Amino acid sequence: MAKGSNVNVCMIGYRFMGRAHSNAYMKVDKFFDVTKKPVMHTVVGRDGAAVKAFAERWGWQKASTDWKSAVTDPEIDLVDVGTPNNQHRDMTIAALEAGKHVLCEKPLAASIEDAREMVAAAKKAKKCQTFVSYSYRRTPAVAFAHQLVKQGRIGRLFHIRAFYLQGWAHPSVPLIWRFDEKAAGSGSHGDLGAHIIDMTRFITGDEFVEITGAISETFVKERTIPTATAGAGIASGAKAGGKKGKVTVDDAVLFLARMKSGAIGTFESTRFAMGNENKNGLEINGEKGSLRFDFEDLNYLSFFDATAPRKEQGWRRIPVSIPGEHPYADAWWPTAHPGGYEHAFVNQAYDILQSLAGKKPVVPLADFDEAWKTQQVLYASMLAAKNKAAVKVSEIK
(Lines give C-alpha, C1' and ligand atoms only; values in the text may rest on other atoms or scores of the structure.)
Protein backbone atom coordinates (compact mmCIF):
# COMPACT_ATOMS: atom_id res chain seq x y z
CA MET A 1 0.00 0.00 0.00
CA ALA A 2 1.40 3.34 -1.16
CA LYS A 3 4.84 1.77 -1.46
CA GLY A 4 5.59 3.14 -4.91
CA SER A 5 5.60 6.67 -6.25
CA ASN A 6 1.80 6.78 -6.56
CA VAL A 7 -1.09 6.92 -4.08
CA ASN A 8 -4.32 5.50 -5.51
CA VAL A 9 -7.28 7.43 -4.13
CA CYS A 10 -10.89 6.33 -3.67
CA MET A 11 -13.19 9.29 -2.96
CA ILE A 12 -16.72 8.76 -1.61
CA GLY A 13 -19.01 11.71 -2.30
CA TYR A 14 -18.88 14.02 -5.27
CA ARG A 15 -20.77 17.21 -4.49
CA PHE A 16 -19.31 20.34 -2.86
CA MET A 17 -16.38 18.71 -1.03
CA GLY A 18 -15.94 16.23 -3.87
CA ARG A 19 -15.15 19.09 -6.22
CA ALA A 20 -12.78 20.75 -3.75
CA HIS A 21 -10.88 17.51 -3.12
CA SER A 22 -10.82 16.51 -6.81
CA ASN A 23 -9.34 19.87 -7.73
CA ALA A 24 -6.68 19.39 -5.04
CA TYR A 25 -5.66 15.97 -6.35
CA MET A 26 -5.49 17.37 -9.88
CA LYS A 27 -3.33 20.35 -8.96
CA VAL A 28 -1.07 19.29 -6.08
CA ASP A 29 1.78 17.81 -8.14
CA LYS A 30 1.66 20.77 -10.52
CA PHE A 31 2.46 23.30 -7.80
CA PHE A 32 4.33 21.19 -5.23
CA ASP A 33 7.20 18.74 -5.63
CA VAL A 34 5.62 15.56 -4.31
CA THR A 35 7.40 12.29 -3.58
CA LYS A 36 4.14 10.41 -4.00
CA LYS A 37 1.68 11.43 -6.70
CA PRO A 38 -2.08 11.05 -6.18
CA VAL A 39 -3.88 8.92 -8.73
CA MET A 40 -7.61 9.63 -9.02
CA HIS A 41 -8.60 5.98 -9.14
CA THR A 42 -12.27 5.66 -8.10
CA VAL A 43 -15.07 8.04 -7.17
CA VAL A 44 -18.20 6.69 -5.46
CA GLY A 45 -21.75 8.02 -5.30
CA ARG A 46 -25.32 6.77 -5.05
CA ASP A 47 -26.51 8.08 -8.43
CA GLY A 48 -24.78 5.99 -11.09
CA ALA A 49 -25.30 8.41 -13.99
CA ALA A 50 -24.31 11.46 -11.94
CA VAL A 51 -21.16 9.92 -10.48
CA LYS A 52 -20.10 8.70 -13.92
CA ALA A 53 -20.53 12.20 -15.34
CA PHE A 54 -18.55 13.61 -12.40
CA ALA A 55 -15.73 11.12 -12.99
CA GLU A 56 -15.48 12.08 -16.65
CA ARG A 57 -15.49 15.79 -15.89
CA TRP A 58 -12.97 15.69 -13.04
CA GLY A 59 -10.59 13.01 -14.28
CA TRP A 60 -11.42 10.00 -12.11
CA GLN A 61 -10.51 6.69 -13.75
CA LYS A 62 -13.51 4.76 -12.40
CA ALA A 63 -16.99 5.53 -11.08
CA SER A 64 -18.87 3.26 -8.69
CA THR A 65 -22.08 3.12 -6.65
CA ASP A 66 -20.72 0.39 -4.34
CA TRP A 67 -18.61 1.99 -1.62
CA LYS A 68 -17.95 -1.30 0.20
CA SER A 69 -16.26 -2.83 -2.84
CA ALA A 70 -14.44 0.40 -3.63
CA VAL A 71 -12.83 0.86 -0.20
CA THR A 72 -11.66 -2.75 -0.07
CA ASP A 73 -10.23 -2.74 -3.61
CA PRO A 74 -6.59 -3.98 -3.30
CA GLU A 75 -5.47 -1.21 -5.65
CA ILE A 76 -6.66 1.59 -3.32
CA ASP A 77 -4.22 3.25 -0.89
CA LEU A 78 -6.17 6.25 0.45
CA VAL A 79 -9.93 6.45 1.06
CA ASP A 80 -11.35 9.99 1.08
CA VAL A 81 -14.74 10.14 2.85
CA GLY A 82 -16.79 13.24 1.98
CA THR A 83 -20.32 12.02 2.76
CA PRO A 84 -22.92 13.26 5.26
CA ASN A 85 -21.64 12.85 8.82
CA ASN A 86 -23.72 9.82 9.78
CA GLN A 87 -21.95 7.76 7.11
CA HIS A 88 -18.40 8.50 8.28
CA ARG A 89 -18.23 5.70 10.85
CA ASP A 90 -19.06 2.71 8.64
CA MET A 91 -16.99 3.90 5.70
CA THR A 92 -13.86 4.85 7.63
CA ILE A 93 -13.87 1.70 9.78
CA ALA A 94 -14.32 -0.51 6.69
CA ALA A 95 -11.42 1.27 5.01
CA LEU A 96 -9.17 0.96 8.08
CA GLU A 97 -9.99 -2.72 8.46
CA ALA A 98 -9.03 -3.17 4.81
CA GLY A 99 -5.65 -1.57 5.56
CA LYS A 100 -6.27 1.77 3.86
CA HIS A 101 -5.18 5.25 4.88
CA VAL A 102 -8.22 7.47 5.50
CA LEU A 103 -9.04 11.13 4.96
CA CYS A 104 -12.40 12.01 6.56
CA GLU A 105 -14.37 15.22 6.24
CA LYS A 106 -15.12 17.14 9.44
CA PRO A 107 -16.55 16.81 11.96
CA LEU A 108 -15.17 13.35 12.64
CA ALA A 109 -18.64 11.86 13.13
CA ALA A 110 -22.31 12.61 13.68
CA SER A 111 -22.20 11.36 17.28
CA ILE A 112 -19.71 10.98 20.09
CA GLU A 113 -20.31 7.21 20.03
CA ASP A 114 -19.41 6.95 16.34
CA ALA A 115 -16.33 9.12 16.87
CA ARG A 116 -15.18 6.91 19.74
CA GLU A 117 -15.45 3.78 17.58
CA MET A 118 -13.58 5.45 14.72
CA VAL A 119 -10.69 6.43 17.01
CA ALA A 120 -10.52 2.86 18.33
CA ALA A 121 -10.46 1.47 14.79
CA ALA A 122 -7.64 3.86 13.86
CA LYS A 123 -5.58 2.74 16.86
CA LYS A 124 -6.11 -0.89 15.87
CA ALA A 125 -5.04 -0.25 12.27
CA LYS A 126 -1.52 0.71 13.28
CA LYS A 127 -0.06 0.85 9.77
CA CYS A 128 -2.79 3.17 8.51
CA GLN A 129 -2.56 6.94 8.75
CA THR A 130 -5.72 8.96 9.40
CA PHE A 131 -6.48 12.57 8.49
CA VAL A 132 -9.47 14.84 9.11
CA SER A 133 -10.12 17.68 6.69
CA TYR A 134 -9.77 20.73 8.88
CA SER A 135 -8.69 22.59 5.77
CA TYR A 136 -8.58 26.08 7.30
CA ARG A 137 -5.33 25.06 9.01
CA ARG A 138 -3.83 25.26 5.54
CA THR A 139 -4.92 28.83 4.87
CA PRO A 140 -1.54 30.65 4.92
CA ALA A 141 -2.68 33.31 7.42
CA VAL A 142 -3.88 30.66 9.87
CA ALA A 143 -0.69 28.62 9.43
CA PHE A 144 1.36 31.80 9.98
CA ALA A 145 -0.62 32.62 13.13
CA HIS A 146 0.21 29.13 14.41
CA GLN A 147 3.90 29.82 13.80
CA LEU A 148 3.83 33.20 15.56
CA VAL A 149 2.19 31.76 18.67
CA LYS A 150 4.64 28.87 18.70
CA GLN A 151 7.49 31.40 18.58
CA GLY A 152 6.07 33.11 21.68
CA ARG A 153 5.18 36.33 19.88
CA ILE A 154 1.95 36.90 21.82
CA GLY A 155 3.12 35.36 25.10
CA ARG A 156 0.71 34.24 27.77
CA LEU A 157 -2.84 33.82 26.45
CA PHE A 158 -5.70 35.83 27.93
CA HIS A 159 -8.65 35.87 25.54
CA ILE A 160 -9.93 33.93 22.52
CA ARG A 161 -12.89 35.28 20.57
CA ALA A 162 -13.92 32.90 17.78
CA PHE A 163 -16.85 33.04 15.39
CA TYR A 164 -18.16 31.33 12.29
CA LEU A 165 -21.04 33.30 10.80
CA GLN A 166 -23.07 32.34 7.75
CA GLY A 167 -26.47 33.59 6.65
CA TRP A 168 -27.75 31.08 4.10
CA ALA A 169 -30.36 29.29 6.26
CA HIS A 170 -33.30 31.51 5.31
CA PRO A 171 -36.70 30.04 6.25
CA SER A 172 -37.34 29.40 2.55
CA VAL A 173 -34.43 26.94 2.31
CA PRO A 174 -35.82 23.37 2.19
CA LEU A 175 -35.21 20.55 4.66
CA ILE A 176 -31.87 19.33 3.28
CA TRP A 177 -29.72 16.80 5.19
CA ARG A 178 -27.88 19.52 7.10
CA PHE A 179 -31.09 20.17 9.06
CA ASP A 180 -31.52 16.50 9.97
CA GLU A 181 -29.88 15.27 13.19
CA LYS A 182 -29.77 11.66 11.96
CA ALA A 183 -27.64 12.67 8.98
CA ALA A 184 -25.66 15.64 10.31
CA GLY A 185 -25.49 15.02 14.06
CA SER A 186 -25.81 18.74 14.71
CA GLY A 187 -26.41 21.94 12.80
CA SER A 188 -24.20 25.02 12.80
CA HIS A 189 -22.31 23.56 15.76
CA GLY A 190 -20.76 20.57 13.98
CA ASP A 191 -20.68 22.21 10.57
CA LEU A 192 -19.15 25.55 11.58
CA GLY A 193 -18.28 25.34 15.27
CA ALA A 194 -16.00 22.39 14.65
CA HIS A 195 -13.80 24.59 12.48
CA ILE A 196 -13.34 27.37 15.04
CA ILE A 197 -12.70 24.85 17.82
CA ASP A 198 -10.00 23.16 15.74
CA MET A 199 -8.58 26.48 14.54
CA THR A 200 -8.31 27.71 18.14
CA ARG A 201 -6.55 24.52 19.26
CA PHE A 202 -4.26 24.58 16.22
CA ILE A 203 -3.18 28.22 16.42
CA THR A 204 -2.75 28.41 20.20
CA GLY A 205 -1.58 24.87 20.97
CA ASP A 206 -3.96 25.17 23.94
CA GLU A 207 -6.69 22.76 25.02
CA PHE A 208 -10.24 23.22 26.27
CA VAL A 209 -10.73 22.12 29.88
CA GLU A 210 -14.27 23.32 30.66
CA ILE A 211 -17.36 24.63 28.93
CA THR A 212 -18.71 27.02 31.53
CA GLY A 213 -21.94 27.87 29.74
CA ALA A 214 -23.70 27.43 26.41
CA ILE A 215 -26.90 28.23 24.55
CA SER A 216 -28.38 26.53 21.50
CA GLU A 217 -31.29 27.75 19.40
CA THR A 218 -33.31 26.50 16.43
CA PHE A 219 -35.04 29.52 14.92
CA VAL A 220 -36.96 27.71 12.16
CA LYS A 221 -38.65 24.63 13.59
CA GLU A 222 -40.05 23.25 10.31
CA ARG A 223 -38.94 23.38 6.69
CA THR A 224 -40.42 22.25 3.42
CA ILE A 225 -39.32 18.77 2.38
CA PRO A 226 -37.33 19.01 -0.90
CA THR A 227 -38.41 17.18 -4.01
CA ALA A 228 -34.79 16.36 -4.85
CA THR A 229 -32.86 13.46 -3.30
CA ALA A 230 -32.23 13.42 0.45
CA GLY A 231 -28.54 14.09 -0.04
CA ALA A 232 -29.04 17.20 -2.15
CA GLY A 233 -27.73 20.48 -0.86
CA ILE A 234 -27.98 24.14 -1.65
CA ALA A 235 -25.29 23.96 -4.32
CA SER A 236 -26.99 21.04 -6.06
CA GLY A 237 -30.26 22.90 -6.40
CA ALA A 238 -32.58 21.08 -4.00
CA LYS A 239 -36.10 22.46 -4.49
CA ALA A 240 -38.89 22.74 -1.98
CA GLY A 241 -41.85 20.40 -2.21
CA GLY A 242 -45.24 20.80 -0.53
CA LYS A 243 -44.99 18.95 2.78
CA LYS A 244 -43.07 20.15 5.82
CA GLY A 245 -40.77 18.28 8.17
CA LYS A 246 -39.21 19.00 11.54
CA VAL A 247 -35.77 20.61 11.85
CA THR A 248 -33.85 18.50 14.39
CA VAL A 249 -30.57 20.41 14.69
CA ASP A 250 -29.40 23.75 16.03
CA ASP A 251 -29.37 26.91 13.93
CA ALA A 252 -26.98 28.72 16.29
CA VAL A 253 -24.75 27.81 19.25
CA LEU A 254 -22.79 30.08 21.57
CA PHE A 255 -20.55 28.86 24.38
CA LEU A 256 -17.97 30.04 26.91
CA ALA A 257 -14.81 28.08 27.63
CA ARG A 258 -11.81 27.88 29.94
CA MET A 259 -8.52 26.77 28.43
CA LYS A 260 -5.67 24.76 29.95
CA SER A 261 -3.41 27.84 29.84
CA GLY A 262 -5.89 29.84 31.93
CA ALA A 263 -7.22 31.77 28.95
CA ILE A 264 -10.97 32.22 28.53
CA GLY A 265 -12.88 32.09 25.27
CA THR A 266 -16.17 32.90 23.56
CA PHE A 267 -17.35 30.87 20.58
CA GLU A 268 -20.26 31.52 18.23
CA SER A 269 -21.52 29.57 15.22
CA THR A 270 -24.67 30.40 13.29
CA ARG A 271 -26.30 30.05 9.89
CA PHE A 272 -28.59 33.03 10.60
CA ALA A 273 -26.13 35.94 10.54
CA MET A 274 -27.62 37.48 7.40
CA GLY A 275 -25.09 39.48 5.44
CA ASN A 276 -22.24 37.17 6.46
CA GLU A 277 -21.37 34.68 3.75
CA ASN A 278 -18.45 32.80 5.30
CA LYS A 279 -17.15 34.89 8.18
CA ASN A 280 -14.87 32.40 9.88
CA GLY A 281 -12.37 33.94 12.23
CA LEU A 282 -11.00 34.72 15.65
CA GLU A 283 -9.07 37.20 17.74
CA ILE A 284 -6.47 36.07 20.25
CA ASN A 285 -5.19 38.44 22.95
CA GLY A 286 -1.99 37.73 24.84
CA GLU A 287 0.51 39.40 27.12
CA LYS A 288 2.87 40.37 24.29
CA GLY A 289 0.36 41.00 21.53
CA SER A 290 -2.74 39.96 19.64
CA LEU A 291 -3.71 38.19 16.42
CA ARG A 292 -6.82 38.64 14.32
CA PHE A 293 -8.06 36.64 11.30
CA ASP A 294 -11.21 36.65 9.17
CA PHE A 295 -11.58 34.18 6.30
CA GLU A 296 -13.57 36.71 4.28
CA ASP A 297 -10.21 38.53 4.08
CA LEU A 298 -8.20 35.32 3.96
CA ASN A 299 -4.94 36.68 2.53
CA TYR A 300 -4.22 38.85 5.57
CA LEU A 301 -3.34 38.28 9.21
CA SER A 302 -3.61 41.21 11.63
CA PHE A 303 -0.95 41.40 14.35
CA PHE A 304 -0.62 43.77 17.29
CA ASP A 305 2.82 43.89 18.92
CA ALA A 306 2.44 45.03 22.54
CA THR A 307 6.22 44.87 23.06
CA ALA A 308 6.82 47.79 20.69
CA PRO A 309 7.20 51.31 22.15
CA ARG A 310 3.77 52.67 23.06
CA LYS A 311 3.97 55.44 20.45
CA GLU A 312 4.56 52.85 17.71
CA GLN A 313 1.84 50.39 18.69
CA GLY A 314 -1.04 49.64 16.33
CA TRP A 315 -2.53 46.79 14.37
CA ARG A 316 -0.44 45.64 11.41
CA ARG A 317 -2.25 44.03 8.47
CA ILE A 318 0.19 41.48 7.06
CA PRO A 319 -0.30 40.12 3.50
CA VAL A 320 0.75 36.48 3.90
CA SER A 321 2.01 35.89 0.36
CA ILE A 322 5.80 36.26 0.45
CA PRO A 323 7.62 33.23 -1.02
CA GLY A 324 10.19 31.88 1.40
CA GLU A 325 8.57 33.71 4.32
CA HIS A 326 4.95 32.59 4.64
CA PRO A 327 3.59 29.02 4.76
CA TYR A 328 2.94 27.44 1.33
CA ALA A 329 3.79 30.70 -0.49
CA ASP A 330 6.75 29.14 -2.33
CA ALA A 331 4.43 26.87 -4.30
CA TRP A 332 2.06 29.50 -5.59
CA TRP A 333 2.30 33.02 -6.98
CA PRO A 334 4.53 36.08 -6.53
CA THR A 335 4.05 38.35 -3.53
CA ALA A 336 0.63 40.05 -3.40
CA HIS A 337 -0.91 37.63 -5.91
CA PRO A 338 -3.51 36.26 -3.49
CA GLY A 339 -4.83 32.74 -3.07
CA GLY A 340 -8.40 31.55 -2.68
CA TYR A 341 -10.58 28.96 -0.96
CA GLU A 342 -9.42 26.06 -3.11
CA HIS A 343 -5.74 26.56 -2.32
CA ALA A 344 -6.18 25.30 1.25
CA PHE A 345 -7.28 21.93 -0.12
CA VAL A 346 -4.29 21.72 -2.46
CA ASN A 347 -2.03 22.60 0.47
CA GLN A 348 -3.77 19.90 2.51
CA ALA A 349 -3.27 17.31 -0.24
CA TYR A 350 0.44 18.16 -0.25
CA ASP A 351 0.77 17.74 3.52
CA ILE A 352 -1.07 14.39 3.38
CA LEU A 353 1.21 13.15 0.60
CA GLN A 354 4.23 14.32 2.60
CA SER A 355 3.00 12.37 5.60
CA LEU A 356 2.37 9.23 3.52
CA ALA A 357 5.92 9.55 2.19
CA GLY A 358 7.28 9.66 5.75
CA LYS A 359 8.07 13.37 5.54
CA LYS A 360 7.09 16.31 7.73
CA PRO A 361 4.10 18.37 6.56
CA VAL A 362 4.32 22.17 6.44
CA VAL A 363 2.02 22.40 9.47
CA PRO A 364 0.59 19.59 11.65
CA LEU A 365 -2.26 17.50 10.27
CA ALA A 366 -5.33 16.53 12.29
CA ASP A 367 -5.58 12.75 12.69
CA PHE A 368 -8.47 10.89 14.33
CA ASP A 369 -6.95 11.37 17.81
CA GLU A 370 -6.67 15.11 17.19
CA ALA A 371 -10.19 15.33 15.77
CA TRP A 372 -11.50 13.43 18.80
CA LYS A 373 -10.42 16.33 21.03
CA THR A 374 -12.51 18.70 18.93
CA GLN A 375 -15.40 16.21 19.05
CA GLN A 376 -15.20 16.22 22.87
CA VAL A 377 -15.59 20.01 22.91
CA LEU A 378 -18.52 19.85 20.48
CA TYR A 379 -20.30 17.31 22.67
CA ALA A 380 -19.45 19.02 25.97
CA SER A 381 -20.86 22.33 24.78
CA MET A 382 -24.10 20.71 23.63
CA LEU A 383 -24.41 19.05 27.04
CA ALA A 384 -23.80 22.41 28.70
CA ALA A 385 -26.58 23.96 26.60
CA LYS A 386 -28.98 21.09 27.29
CA ASN A 387 -28.35 20.88 31.04
CA LYS A 388 -27.69 24.60 31.61
CA ALA A 389 -24.58 23.65 33.57
CA ALA A 390 -20.81 23.68 33.21
CA VAL A 391 -19.19 20.56 31.69
CA LYS A 392 -15.55 19.51 32.06
CA VAL A 393 -14.19 18.29 28.73
CA SER A 394 -12.24 15.50 30.47
CA GLU A 395 -15.58 13.94 31.46
CA ILE A 396 -16.31 13.17 27.81
CA LYS A 397 -14.71 9.79 27.27
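The values are calculated or read from the model by the stated rules, or taken from the named source; none is laboratory data. This one's a predicted model, so the numbers in the text were calculated from it and none came from an experiment. All Cβ positions, glycine included, derive from the backbone under ideal geometry; neighbour counts span all protein chains shown. Accessible surface is based on the protein model in full, side chains and every heavy atom, while ligands, DNA and RNA are left aside. Shrake-Rupley method; radii C 1.70, N 1.55, O 1.52, S 1.80 Å.
Does His41 satisfy the condition of being within 28 Å of Gly190 (Cα to Cα), surrounded by 15 or more Cβ atoms within 10 Å (Cβ to Cβ) and touching a residue at least 12 places away in the same chain (Cβ under 8 Å)?
On the way: within 28 Å of Gly190 (Cα to Cα): no; surrounded by 15 or more Cβ atoms within 10 Å (Cβ to Cβ): yes; touching a residue at least 12 places away in the same chain (Cβ under 8 Å): yes.
No; evaluated as a whole, the condition is false for this residue.
Residues in the stretch 23-43 that are under 16 Å from Ala344 (Cα atoms) and touching a strand residue (DSSP E or B) at 6+ places or on another chain (Cβ under 7 Å): Tyr25, Val28, Asp29.
State whether the residues of the stretch 332-343 include one that is of a type in the set (S, T, N, Q) and more than 28 Å from Glu117 (Cα to Cα). Even if it seems obvious, please write down each step before you answer.
Within the stretch 332-343, the subset of a type in the set (S, T, N, Q) is 335.
Those still in the list that are more than 28 Å from Glu117 (Cα to Cα) too: 335.
Yes, some residue in the stretch 332-343 is of a type in the set (S, T, N, Q) and more than 28 Å from Glu117 (Cα to Cα).
For the stretch 137-147, filtered to residues that are open to solvent by 10 Å² or more (accessible area, probe 1.4 Å) and in contact with a Phe, Trp or Tyr (Cβ under 7 Å, 6 or more places away or on another chain), the residue that is nearest to Leu365 (Cα to Cα) is His146.
Applying a threshold of 7 Å to beta carbon distances and a minimum spacing of six or more residues, or different chains, the list of pairs starting in the stretch 276-298 at a residue that is without any contact (Cβ under 8 Å) to a residue 60 or more places away in the chain and ending at one that is surrounded by 19 or more Cβ atoms within 10 Å (Cβ to Cβ) reads Asp294/Gly281. Pairing residues of the stretch 203-217 that are free of Cβ contacts under 8 Å to residues at least 40 places away in the same chain with residues that are in a strand (DSSP E or B), at Cβ distances under 8 Å and at least 6 apart in sequence or on separate chains, gives Glu217/Ala252; Glu217/Val253.
Among the residues of the stretch 47-55, is any touching a helix residue (DSSP H, G or I) at 6+ places or on another chain (Cβ under 6 Å), touching a residue at least 24 places away in the same chain (Cβ under 8 Å) and open to solvent by 70 Å² or more (accessible area, probe 1.4 Å)? Please lay out each step first, then the result.
Step one: list which residues in the stretch 47-55 are touching a helix residue (DSSP H, G or I) at 6+ places or on another chain (Cβ under 6 Å), which gives none.
For the stretch 47-55, residues touching a helix residue (DSSP H, G or I) at 6+ places or on another chain (Cβ under 6 Å), touching a residue at least 24 places away in the same chain (Cβ under 8 Å) and open to solvent by 70 Å² or more (accessible area, probe 1.4 Å): absent.
Restricting the first residue to the stretch 127-145 and requiring it to be under 22 Å from Gly281 (Cα atoms) and in contact (Cβ under 8 Å) with a residue 40 or more places away in the chain, which pairs with a second residue that is hydroxyl-bearing (Ser, Thr, Tyr) and part of a helix (DSSP H, G or I) meet a Cβ separation below 6 Å and a spacing of at least six or different chains? Listed by first residue and then by second, the contacts come to Val142/Tyr136.
When the stretch 111-136 is filtered for residues that are under 18 Å from Val79 (Cβ atoms), open to solvent by 10 Å² or more (accessible area, probe 1.4 Å) and not β-branched (Val, Ile, Thr), the ones remaining, listed by number, are Asp114, Glu117, Ala120, Ala121, Ala122, Lys123, Lys124, Ala125, Lys126, Lys127, Cys128, Gln129. Condition check for Ser111 on (1) farther than 28 Å from Val39 by Cβ; (2) in contact with an Asp or Glu (Cβ under 8 Å, 6 or more places away or on another chain): one failure, at (2). In the stretch 246-258, is there at least one residue being of a type outside the set (A, V, I, L, M, F, W, C), farther than 30 Å from Ala141 by Cα, at pLDDT 95 or above and part of a strand (DSSP E or B)? Yes, the conditions are met somewhere in the stretch 246-258. Scanning the stretch 106-119 turns up no residue that is more than 21 Å from Ser186 (Cα to Cα), at pLDDT 95 or above and part of a helix (DSSP H, G or I).
Being out of contact with any Pro (no Cβ under 8 Å at 6 or more places or on another chain), within 27 Å of Asp191 (Cα to Cα), part of a loop (DSSP other than H, G, I, E, B) and of a type in the set (Val, Ile, Thr) is a property that holds for Thr83. From the list Arg161, Arg178, the one residue that fits, being open to solvent by 10 Å² or more (accessible area, probe 1.4 Å), among the basic types (Lys, Arg) and either within 26 Å of Pro226 (Cα to Cα) or part of a loop (DSSP other than H, G, I, E, B) (or both), is Arg178.
Restricting the first residue to the stretch 321-345 and requiring it to be closer than 14 Å to Arg137 by Cβ, which pairs with a second residue that is among the polar types (S, T, N, Q) and open to solvent by less than 80 Å² (accessible area, probe 1.4 Å) meet a Cβ separation below 6 Å and a spacing of at least six or different chains? Short answer, once both residue conditions are applied: Tyr328/Asn347; Ala344/Ser135; Ala344/Thr139; Phe345/Ser135.
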